[in-house]
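Novice: Have a look at this one before I ask anything.
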Amino acid sequence: MRNMMTNQELLREIRLLRRRVDRLSRELEALKARSLEDPTLVEHLLKVRGLQVFRCNPSERLFFPSDLTPLQRDRFYELMKRYSFRLVLRDIMKCSESFRPRDLTHYCSENVCRRYCDALFEMGVIVKEGRGKYRVQTTHPANFGPTLEWFVAEMFKREFASSALYGIKLRDTPTGGDYDVIASWNGKLVYVEVKSSPPRGIELNEIHTFFSRLDTLLPDVAILFNDTQLRMKDKLVVMFEEALARRHGEDPSETPRVERLVEELFHMDHRIYIVNSKKDVLQNFRLCLHDALKKQNSLYPLRGSSRMGAENAKPSPQGIGEKP
């Protein structure tokens with residue numbers, strides 16, 4: 001009986017262990033993915049608010065076919081992070097039949113458009129039709145909105161470990177029951193309203209409807225996401241201020257302020273955010289969610305030492321706001 005393994009036997013055991021670890025890793029990732037696909041986390045947060053999901057995740061309205069492999073979906077998701085890719089998809093949707101890469105050059109060079117078309121062809125999203133021409137594989141979706149909603153929901157799942165639904169229809173709500181993206185993030189209900197048109201295509205009544213949806217949902221955090229790199233201050237912020245003034249009356253002290261978080265990201269009381277795609281959409285969402293978590297968490301910042309310092313401090317002879 002041998003007490004020691006030969007080098008070959010040891011290598012075989014190592015390979016076997018590696019295969020087992022790889023298999024367990026894949027199973028763990030699949031289990032994690034299934035848990036985030038489970039709608040019950042979001043449905044529970046809605047149920048405690050007296051709301052019931054009637055329909056969600058309408059895959060038939062997406063730009064890509066429903067039978068994409070997980071790897072193809074991963075690739076499509078990664079491309080969707082690029083603003084230029086999303087612009088090209090919008091142009092493709094405007095083409096009634098077949099198209100060439102040069103037909104998509106309103107915002108990108110022909111070489112960039114060709115690379116995106118090649119990637120979409122390899123994924124099976126578009127098919128070739130004649131020399132250098134393509135057409136969409138599925139029935140043309142009416143607009144880019146549902147695919148953008150899918151992307152935002154995927155972003156919550158993949159980047160923020162949050163269960164999320166898109167294209168949600170709720171029963172018996174005063175605003176018609178249509179909600180773009182609802183996520184269960186850190187045990188909190190997050191609502192995202194997605195606008196794919198530029199600011200000039202957004203009207204004041206849409207902002208009023210956004211606030212009406214918040215009255216129904218009562219989310220912990222709400223985000224109006226406009227997929228543009230244009231300035232938010234020029235129109236959207238102005239419409240928010242007007243809508244807030246109408247809701248809260250003419251008294252400025254009663255009206256929540258729209259304040260700049262950073263660059264073209266704005267917030268109202270660190271709970272309602274206006275977000276665009278300038279620089280990076282994922283990073284913009286990160287900044288807003290981090291801000292909401294920081295401001296709403298009662299443990300941050302720790303104020304005990306500040307209060308103690310204030311109690312021990314000698315009173316100042318100046319009034320508040322007076323210069324020394």
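Nothing in this text is a laboratory measurement; each read-out follows from the coordinates by a stated rule. Source: prediction; values computed, not measured. Cβ: placed from backbone, ideal geometry, glycine included. Neighbour counts: every protein chain shown.
Novice: Please report, in whole Å³, the volume per residue of the convex hull around the C-alpha atoms of the range 116-242.
Specialist: 150 Å³
Novice: Same structure, new question: For Lys133 and Asp67, calculate 0.36 nm times their separation in residues minus their Cα-Cα distance, and state this gained length in nm to one decimal.
Specialist: Extending this stretch completely gives an extra 21.5 nm.
Novice: Around Leu189, which amide H atoms from residues at least 5 apart in sequence, or from another chain, sit under 5 Å from its own amide H, with H modelled in the peptide plane?
Specialist: Hits under the 5 Å cutoff: Asp220, Val221.
Novice: In angstroms, what radius of gyration and Dmax does the range 64-136 have, counting Cα atoms only?
Specialist: 11.5, 31
Novice: Provide Met232, Met93 in ascending order of the number of other Cβ atoms located within 10 Å of each residue's Cβ, fewest first.
Specialist: With the fewest neighbours first, Met232, Met93 line up as Met93, Met232.
Novice: I've got another one for you. Whole Å is fine, so just give me how far the alpha carbon centre of the range 125-176 lies from that of the range 217-247.
Specialist: 23 Å
Novice: Another question about this same structure. Work out the length of the dipole vector of the range 145-296 about its Cα centre, built from +1 on the beta-carbon of each Lys and Arg and -1 on the beta-carbon of each Asp and Glu, and round it to the nearest 20 debye.
Specialist: Value, rounded to 20: 380 debye.
Novice: Something else now. Cut-off is 10 Å between beta-carbons; in what order do Ile202, Ile126, Ile223 appear when sorted fewest neighbours first?
Specialist: Ranked by crowding around the Cβ, least crowded first: Ile202, Ile126, Ile223.
Novice: While we're here: So how do Arg61, Arg200 line up by other beta-carbon neighbours within 10 Å, fewest first?
Specialist: In increasing order of surrounding Cβ atoms, one gets Arg200, Arg61.
Novice: Still on this structure, please answer the following. Can you work out the Karplus-derived ³J(HN,Hα) for every residue in the range 194-211? Use 6.51 cos²θ - 1.76 cosθ + 1.60 with θ = phi - 60°, whole Hz, and x for glycine or proline.
Specialist: 9, 10, 8, 7, x, x, 5, x, 9, 9, 4, 5, 5, 5, 4, 5, 4, 5
Novice: Still on this structure, I have one more. As a test of the definition: which semi-axes, in Å, follow for the range 179-271 when you take the square root of five times each eigenvalue of its alpha carbon gyration tensor? Largest first, please.
Specialist: 19, 18, 14
Novice: Another question, if that's okay. In nm, give the distance between the simple-model label positions of Glu259 and Val48, each being 7 Å from the Cα along the Cα-to-Cβ direction.
Specialist: 2.7 nm
Novice: Pull up the cross-link candidates among the lysines for Lys169, meaning alpha carbon to alpha carbon under 16 Å and not fewer than 8 places away within one chain.
Specialist: Here the lysines satisfying the reach criterion relative to Lys169 are Lys47.
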